[in-house]
Each structure stands twice: as C-alpha cells, then as structure tokens.
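Visitor: Below you'll find the structure I mean.
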C-alpha cells in the first residue's frame, strides 16, 4: 500500500534525515540545558556543601526539591528565569527545523543536506508559522462542538457508578481527542508538505485548506501515519519516564540512565523526522499520480523540482 | 402436667422469639460510659435523596452539675444555605471538591419531646449559635448528676449532593452526621456543642446505637453496627444494626456496591466497592489487614467484630477519606497510577481513626491534633514499615519516590510558625495551616519524640497513653501527663512549646574551621624565665609537644599534618531539642557528639586530623527541623546531588520541548 511505502521510506531516512534528527535532538537538548543552567548553578551552590543532599536513593530527591522550593524561593525564581525566553526561542527554532526537515524530505536524495536544510528553513519558516497559527485556530473552533456535546453527555451521566458509563465517557473524550489530534496533525502536516512541494503559488489559507482536504480524502492513511508515529513517540516517552528515569540517583546508575534517556530523546527526534518524510512521500506520490497524462493527451512538461517517476496505482488505493 | 409442659414449651419458644427480636449483646462488660444511647428508625427516599427518621435518646448525666438544657448538633444544616458557618468559611469548597449550589441539604427537627414521668413533653427549639447546625432545648425536667433524660425526636433530612463527607451522588448515599445528635455536657461549663465549621470535625459521647434503616430492596447497605435483623417490606427492606461503645453511627447505601468480605484476626472486613474500582479490592483488604496487625500490636487489638470500607463513586470523592466508628470511607480512583499509594495511605489512615477518634475520642473541634495528628503519625509508621520509608507515598511514579514523613514535612515547613498545634479548628488562619498543624506537624513532633526516646520506649509511652484514655475524651494536658509518666521523665518542657507554641526547630552548622596547628611563636612562658622562640630553637629536641617543635612539625607535614578544628552549631529556631552531631575527619575517623540544644550555639573543638564533614542530626531523628540543607558542611562536595537533580529536571524540560516540536 502506498502509505505503508511512504512510512517505510520515512524510516529509511538517509543522511538528510539523520541530519534533521540530530538537529531536532540537539536543539531540545541544548535549549533545555540552557534553560536550566541558572537552576543548576543554584543547586550546586545550595547542595554541594550539604551532607543532607548526599546519598540520594534512586528516584529520591523530590523532598529536597520541595524543601528548596519552600526555603529557597529565590533560587527557583532565578533558576527558571530563562524559561520564557527559551520557549520563545524554541518556537522559532522548532519552526525552522521543521521547515528544513520538510525541505530536505522533499529533495529526497539531497546532495547537499546542509544547504537544502537551511535554504528550506529560510524559505518555509514564516509560512509554516502562518500555517500553524491558522490550523490551531481552525481546529480549535471545530473542536468546540464535540467538546460541548461531550460536556452535555458528561452532565447527563454524572453520578452514574456504572463502569460502562465512566469508561464510556473516558472513551468518548479519548476518541474526540484522538480524532482532533489526528485531524490537526494531518491537516497541518499535509498543508506543510503541500507548501514544500508546491512552493508559494497559493495563499496560506488555501494551502492549509488543500492540505486539510488531502488529509480528509486520505483519512485512513493520514491517520495511520499520525497514529503510528504518535504511538512510537509515546512508547519512547513511556520508557523514558517510567523505565529509565527511576535510575537517577547519585550512584553509579545515574550516568547510564541519563545516557539512556538521551537515547530515548534521540529516538523521539528520529520518529518525528520519519513522520515528516512519510507525509511528504505520501502526498507526493498522489500529486505525481494526478499529474500523469490522461490517455491520448500530450504529457505536460515536468515541474521544476524533478518529480520522481510516478508509482503504480495499486488496487487498494482509490484516487478520490 | 401436660398443661404445665405445654406452657413451658410455649414459654421457651416465646423467649427464643423475643431473643431473636432483641439486638445482640456485643460486649458483656461495657467499655465506655454509654451515657448517650440512640434508637433510630429511618427511611431513605433514594429518588428525592431525603430521609425521614425518629430517634429515641437516653442520655445520662455523668457530670457533677445538673443539666437544665440540652444541645444538639444538626450537622446537615451546614448545607442549608450560603449563610451557614460552614458555607461562609468554605466558600462552597471542601478539600478540592466544589459544592453544587443547586443541591442544598438540611436536617429539620419536626418535633422534639422529653419523656417526663412517662409522658412526652414537647420542647421548644432554639438556635443559639450563628447558624442552625446547633439546636438548644430547655429541659422540661432538669437532669441531676447521675440522672437520665429521654428524648423523642422526629426529623427529616434532605441530602446535599456530596462534596463534604455526606450526601448523595446518583444512587450512592453516604449518611454521616445525619441525625440530631447531642453535644457533650461538660457540667458547669455547659454543653460543648459547636457549629459545623469548615475545619472542624466532631465530638460526642459514647453509647449504644440501635438503628433500623429502610431502603429499596436492591440497595446494599454498610453501617457502623452489626446487622442483626433484616425484614422485607414489599419493595423495600429494613435492616437493623446494633453497635456498642461507639460515639457515632454512619451508614451508606447504594445498589451498585460490589461486596467483598474476608475475616482477619476474627474481624470481618467488609469492602463496599464501586464496580469500576473492583480491581482495587485487594489493595483495601491488604491495607486493613496490615493496619489490624500493626495497630493491634502497637496499641490494642481492634475490639469490634467488623470494619466496613466504603469506596465512593467517581465524582463523589468528597465522601472519601472519612472515619466513622467501624466504618471508613476510602478513596480509589482508576485514573491514579498504582505507583502513587494514596489508596493504601487513606485506608490505613482512616482505619487508624478507629483508635484515634473512635476509641480515644478527643474533642475534634478544639484539639484536632489528638486524633488527626497522632493518627497521621501511626499512618506514617504503618506505611513506612510496609513499603519502606523513602517510598511509602510515591513509589516510582515518573521515576520519583517519596515517603510519608517527607510528604508531611513538606506540608509543614512552608508554614511552620503561623499557628500552634493546639488551637480550636475555626481559629486557624487558613485551611492549609489547619492541615499543617493538625496533621503534619504532630507527625514531626512525634517522630522527633521517637528519635529522642527510641522506638521501643515510644511504643511503650504511646500504648500507655492509649490504654489510659480509650473510651474517654482525652485532652492535650492528659497526653502530656500520661506520656510523661510512661516515659519516666517530664516531657512537658520539650513538648509543650511544640504543641502550644509557634516556635520552630532549625539547627545550622554555623562555622567550621580546621587550621594546621601552628608552631609556638613569641616567648615560651612555660620553661623558667620567658624565652624568646626563634629559629635556633626549632631543632631543640626538648621542645616536644603541641605546636612547639617545628622540626617535628616538619616531619608531620610530610607524614600526617595536625589541625586545630572548631565546629560551631547554631540553634536558629526557638525550640530546644537535643540533637546529635557527627564530625568526620580526614583520616577516616569520626566522632558523634550530643548537644542538649540549650543555648543558642555550641562549640566542639578538636586537635588532630582535619575536619572534612559535619552533620547535625545525622540519623534524621529530628524531622521537625525546618531546614535540613543547613544541617551540614562538607569540605569538598562532589556535586553529584545537584547534577542528578538538574539532570532529572532537564529531562522534564527537554521532554516538553520535544513534545512541542512534534506539534509544529
């Protein structure tokens, strides 16, 4: 199936994908380190000379953090002072990295990964910011309707002790959330992919609408891509926080568990890149198909960007 | 002869039938004064969430003064309107639960009469306090010391939607503090009968309860007493319960309860579980069994024949975490991970109230610490011994662990000096301070006392206190007196400031100086006429001793340098507590000093190896200390704790950034 092939190609990310994943990972690592540098310095100032802090058992230290929060409020205020700036910087960098990754995915076999990445980032960061804002606004409005409906249902079954009612509500909220996440990510992702593949021939609103329309026409593959990679990231985070994090202590396991956690972050970054690539490959396969000449008509000149030879339409795919 | 035989048979049959209609005798010898006895018949309308009832009260005056009036609690009137003391103090919020202002509740006494010489004399209701949670009647006939009064009261309850202890949610009904209930007569001091306050709980006399409740046939009922009779009445059923030597009676009814029963140490454990939490039944069972064992061992075997654990429904958690005699409400939630041990903690805590509230029945309005605080101390004991001290509340959630005492400590150290422990509950500056002072600080006070006395002696002291005050109304002064007697020393000077004052414990390593010993300079005044020490004397072999032999000092520098060290420990807080100090030296040796805590500081001096580490309270025997991080000094820290904590926090921030990235 076409979307499975796209996912497979997404995973086989090559040099360009590896570069993107490394940048994604490094950006978050460096920014988080930067954000907490003042807090770290404060920790050293307060804890290094205190035997009370020594010998942290695995998973321990929550009480120390609590005591620091109570007795050293200034430390926290100063320690987290950089966070707002880091978040702002992250917003810009994340958009730029996402734009570069889409551009790199579109070039498929980049000869100059760095060059393609940065030229894509320069070209697409601002449009991507616009697409993100429009998408957030649009789906925010759309999500209000099912949310209100569910709130009504929740009111109606309030007081029910039936597990079916309780889990039904949980499942209801979960389903709505899942659908909204899938639609949000699908429309944004394919809107971005379209912008990357098509260039700036159309306005952002139209761009997003067409991306949304594409994700709705191909709702199963689009959802499949989103959910698969979402599940992968959830797995990475579950392992990160529940399996690896308890190892943190001042003992010998600290370094090992820290390294493993960074490995989990790297895996999450790789999954994000693979997701972007899968979206780009999947959309391109359909656009190429759409551009195939109808029987008997002259073939159009190939578009700039040297689209790849069109894949064969498989029986399971329906061009809508 | 035949007639006499038939009469005998008939008599025996009638006696058996009569016995079957009488409640059982649970305790051959009363354990309590039993001076407030209630016989109640109540019928629940589960559709209107309303109840109609009639109670007969037999009250005996056990004070030395006559009673000319009687005061009753009508607790449900706390939910009658927004002018009640409870609603004004709470703003409609209790714990984290919000009142639904479409669902008010009340308790209305439709008639009250005193039985005088076999006749019912109606009494006039008066409401002397700020709201209608307290009702007063002037007695038709005064009750002399040792005398008895009987009342007949008919009443109606409208239940509020549950948000604070009692009420309904759907078909779930939690009936706590639901009937007109006498206050406690204090003789010349009149009746102790306070309004229902936001922070306060309850106070009443012991007695025997015979309660018959009529509910729809499909409803499962759990109650304070022992079920001894069940009668079908069409679509409804009437269940008769009997309880002895208790000071309250609570019950619950719902058609949805899943019932689980086990017997442990001859005590029937009955768990009434919400279907959705069915999987948590073993957690409740294990918590009760563990508590039965531990409290039985530390204090006294649980005397009642059963304990019922009620699991409130989702949305009705306001009824959870509450204690009544032989019935407790717990708090399971399918959305709380099992690595957070709240279910166990709440169950252990509420079970502990069977001792500290149930049997040791202090005035919860005025000295809440005597039940909440002492019981929280035992909760931490049970939890720590069960799960381990460092993980008895959070055991691996997102990689974090935390113990019960650490949790209590955190809730105290942020607000240590605002109010004392012993204070009427409505006088606390806030609900948070009430919680910190009534629950958390007493835990730390008692853990500190345990550190001073040792665990074995502490157990002995606390057991002595419990055994002396069970089935009475102990006060803080009783606690100080009895524990001092049991400890064999006056604990007042130590405990009184902790209980009645707002002072804190805060030890600090104020100064550590470890300087290489110096050779003698100037004149040597110890050997005949003063002699100037100069370079020429440095090699004089007769000058052996402290700081007098430079040559020897030179050798020592190469081999093992000696230091003069000073360690100053400061007591920054007002409270005087003895404390141990560990001083470690570079050569691997250490010394353990004891300071009685008197004075504002103490100094320890050493000559020998350099001091490399000083720790005040190395074994954590004084958890009352509000700042542990100033309790020590190290010559060279390895920076690992700071790095480890920063790394863990960075993981969180990095995770958030990555999560955000995935949405762009």
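The values are calculated or read from the model by the stated rules, or taken from the named source; none is laboratory data. Being a predicted model, the structure only gives us computed values, none of them experimental. As a convention, Cβ positions derive from the backbone with ideal geometry for all residues, glycine included, and neighbour counts pool all protein chains shown.
Visitor: Given the conditions (1) closer than 20 Å to residue B:376 by Cβ; (2) away from chain A (no Cβ under 14 Å), and given that residue B:317 satisfies all but one, which numbered condition is not satisfied?
Guide: It is condition (2) that residue B:317 fails.
Visitor: Could you list, in sequence order, all residues of the stretch B:323-341 that are surrounded by fewer than 24 Cβ atoms within 10 Å (Cβ to Cβ) and more than 14 Å from every other protein chain (Cβ to nearest Cβ)?
Guide: Within the stretch B:323-341, just B:331 meets the criteria.
Visitor: Considering only the stretch B:295-313, state which residues are in contact with a helix residue (DSSP H, G or I) (Cβ under 6 Å, 6 or more places away or on another chain) and farther than 17 Å from residue B:348 by Cβ.
Guide: B:312
Visitor: Only one of (1) assigned to a helix (DSSP H, G or I); (2) at the interface with another protein chain (Cβ under 7 Å from one of its Cβ atoms); (3) closer than 18 Å to residue B:649 by Cβ; (4) touching a residue at least 12 places away in the same chain (Cβ under 8 Å) is not met by residue A:34, so which one is it?
Guide: The single condition residue A:34 does not satisfy is (2).
Visitor: Could you please let me know if residue B:608 is over 27 Å from residue A:63 (Cα atoms) and touching a residue at least 40 places away in the same chain (Cβ under 8 Å)?
Guide: Details: over 27 Å from residue A:63 (Cα atoms): yes; touching a residue at least 40 places away in the same chain (Cβ under 8 Å): yes.
Answer is yes for this residue.
Visitor: Let me ask something additional. Go over the candidates A:177, A:134, A:148 one by one and state the one that is farther than 29 Å from residue B:258 by Cβ and touching a residue at least 40 places away in the same chain (Cβ under 8 Å). Can you show your working first?
Guide: Values: A:177 fails: touching a residue at least 40 places away in the same chain (Cβ under 8 Å); A:148 fails: touching a residue at least 40 places away in the same chain (Cβ under 8 Å).
Checking each option against the conditions leaves just A:134.
Visitor: Can you tell me which of A:105, A:96 is buried (at least 21 other Cβ atoms within 10 Å of the Cβ), more than 10 Å from chain B (Cβ to nearest Cβ) and on the phi < 0 side of the Ramachandran plot?
Guide: On the way: A:96 fails: more than 10 Å from chain B (Cβ to nearest Cβ).
Unique residue meeting the criteria: A:105.
Visitor: Okay, moving on. For the stretch B:598-657, give me each residue that is facing chain A (nearest Cβ under 8 Å) and at positive phi.
Guide: B:639, the sole residue that qualifies.
Visitor: Can you find even one residue in the stretch B:410-421 that is crowded, with 22+ Cβ neighbours inside 10 Å, more than 14 Å from chain A (Cβ to nearest Cβ) and touching a residue at least 12 places away in the same chain (Cβ under 8 Å)?
Guide: yes
Visitor: Here is a further query. How about the stretch A:63-98: which of its residues are under 17 Å from the mean Cα position of the chain (by Cα) and closer than 30 Å to residue B:407 by Cα?
Guide: Those that are under 17 Å from the mean Cα position of the chain (by Cα) and closer than 30 Å to residue B:407 by Cα: none in the stretch A:63-98.
Visitor: Moving on. Among the numbered criteria (1) closer than 30 Å to residue B:455 by Cα; (2) at pLDDT below 95; (3) surrounded by fewer than 22 Cβ atoms within 10 Å (Cβ to Cβ); (4) in contact with a helix residue (DSSP H, G or I) (Cβ under 7 Å, 6 or more places away or on another chain), which one does residue B:632 miss?
Guide: Going through the list (1) closer than 30 Å to residue B:455 by Cα; (2) at pLDDT below 95; (3) surrounded by fewer than 22 Cβ atoms within 10 Å (Cβ to Cβ); (4) in contact with a helix residue (DSSP H, G or I) (Cβ under 7 Å, 6 or more places away or on another chain), residue B:632 breaks only (3).
Visitor: What number of residues within the stretch B:270-283 are more than 30 Å from residue B:73 (Cβ to Cβ) and surrounded by 20 or more Cβ atoms within 10 Å (Cβ to Cβ)? Write out each step before concluding.
Guide: Here is the first cut: in the stretch B:270-283, the ones more than 30 Å from residue B:73 (Cβ to Cβ) are B:273, B:275-283.
From what's left, surrounded by 20 or more Cβ atoms within 10 Å (Cβ to Cβ): B:273, B:276-277, B:280.
Residues flagged as more than 30 Å from residue B:73 (Cβ to Cβ) and surrounded by 20 or more Cβ atoms within 10 Å (Cβ to Cβ) within the stretch B:270-283 amount to 4.
Visitor: Restricting to the stretch B:358-409, name every residue that is assigned to a helix (DSSP H, G or I) and within 14 Å of another protein chain (Cβ to nearest Cβ). Even if it seems obvious, please write down each step before you answer.
Guide: Applying the first criterion (assigned to a helix (DSSP H, G or I)) to the stretch B:358-409 yields B:358-359, B:369-387, B:404-409.
B:380, B:384, B:387, B:404, B:405, B:406, B:407, B:408, B:409, listed by residue number.
Visitor: Next question. Any residue that is more than 28 Å from residue B:325 (Cβ to Cβ) and crowded, with 18+ Cβ neighbours inside 10 Å - is there at least one of those in the stretch B:360-371?
Guide: No, that holds for no residue.
Visitor: Of all residues in the stretch B:1-50, count the ones that are more than 29 Å from residue B:471 (Cβ to Cβ) and at pLDDT 95 or above. Let's see the steps before the verdict.
Guide: So the first thing to find is which residues in the stretch B:1-50 are more than 29 Å from residue B:471 (Cβ to Cβ), and the list is B:1-18, B:20, B:43-50.
Those still in the list that are at pLDDT 95 or above too: B:43-50.
The qualifying residues number 8.
Quick grid of which residues meet (1) in contact with a strand residue (DSSP E or B) (Cβ under 6 Å, 6 or more places away or on another chain); (2) closer than 29 Å to residue A:286 by Cα; (3) more than 14 Å from chain B (Cβ to nearest Cβ):
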site: A:146; (1), (2), (3): no, no, yes
site: A:172; (1), (2), (3): no, no, yes
site: A:178; (1), (2), (3): no, yes, yes
site: A:195; (1), (2), (3): no, yes, no
site: A:202; (1), (2), (3): no, yes, yes
site: A:212; (1), (2), (3): no, yes, yes
site: A:215; (1), (2), (3): no, yes, yes
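Visitor: Looking at B:32, B:65, B:43, which one is in contact with a strand residue (DSSP E or B) (Cβ under 6 Å, 6 or more places away or on another chain) and part of a loop (DSSP other than H, G, I, E, B)?
Guide: Working: B:65 fails: in contact with a strand residue (DSSP E or B) (Cβ under 6 Å, 6 or more places away or on another chain); B:43 fails: part of a loop (DSSP other than H, G, I, E, B).
Testing whether each residue is in contact with a strand residue (DSSP E or B) (Cβ under 6 Å, 6 or more places away or on another chain) and part of a loop (DSSP other than H, G, I, E, B) leaves just B:32.
Visitor: Checking residue B:552 against (1) at pLDDT below 90; (2) within 30 Å of residue A:255 (Cα to Cα); (3) surrounded by fewer than 19 Cβ atoms within 10 Å (Cβ to Cβ), which test does it fail?
Guide: Evaluating residue B:552 over (1) at pLDDT below 90; (2) within 30 Å of residue A:255 (Cα to Cα); (3) surrounded by fewer than 19 Cβ atoms within 10 Å (Cβ to Cβ) leaves (2) as the failure.
Visitor: In addition: Just to verify a result, which residue in the stretch B:182-202, among those that are touching a strand residue (DSSP E or B) at 6+ places or on another chain (Cβ under 6 Å) and surrounded by fewer than 24 Cβ atoms within 10 Å (Cβ to Cβ), is nearest to the other protein chains (Cβ to nearest Cβ)? Even if it seems obvious, please write down each step before you answer.
Guide: Residues of the stretch B:182-202 that are touching a strand residue (DSSP E or B) at 6+ places or on another chain (Cβ under 6 Å), as a first pass: B:182-186, B:191-193, B:195.
Then drop every residue that is not surrounded by fewer than 24 Cβ atoms within 10 Å (Cβ to Cβ), which leaves B:182-184, B:186, B:191-192, B:195.
On the way: B:182: 33, B:183: 34, B:184: 36, B:186: 40, B:191: 38, B:192: 37, B:195: 29 Å.
The selected residue is B:195.
Visitor: Just checking, how many residues over the stretch B:585-605 are within 16 Å of residue B:510 (Cα to Cα) and crowded, with 17+ Cβ neighbours inside 10 Å?
Guide: Summing the residues that are within 16 Å of residue B:510 (Cα to Cα) and crowded, with 17+ Cβ neighbours inside 10 Å in the stretch B:585-605 gives 4.
Visitor: Right, something else. Could you identify the single residue in A:81, A:49, A:40 that is part of a loop (DSSP other than H, G, I, E, B) and at the interface with another protein chain (Cβ under 7 Å from one of its Cβ atoms)?
Guide: Values: A:81 fails: at the interface with another protein chain (Cβ under 7 Å from one of its Cβ atoms); A:40 fails: part of a loop (DSSP other than H, G, I, E, B).
Of A:81, A:49, A:40, the one residue that is part of a loop (DSSP other than H, G, I, E, B) and at the interface with another protein chain (Cβ under 7 Å from one of its Cβ atoms) is A:49.
Visitor: Being in contact with a helix residue (DSSP H, G or I) (Cβ under 7 Å, 6 or more places away or on another chain), in contact (Cβ under 8 Å) with a residue 60 or more places away in the chain and within 12 Å of another protein chain (Cβ to nearest Cβ), is that true of even one residue in the stretch A:113-124?
Guide: yes
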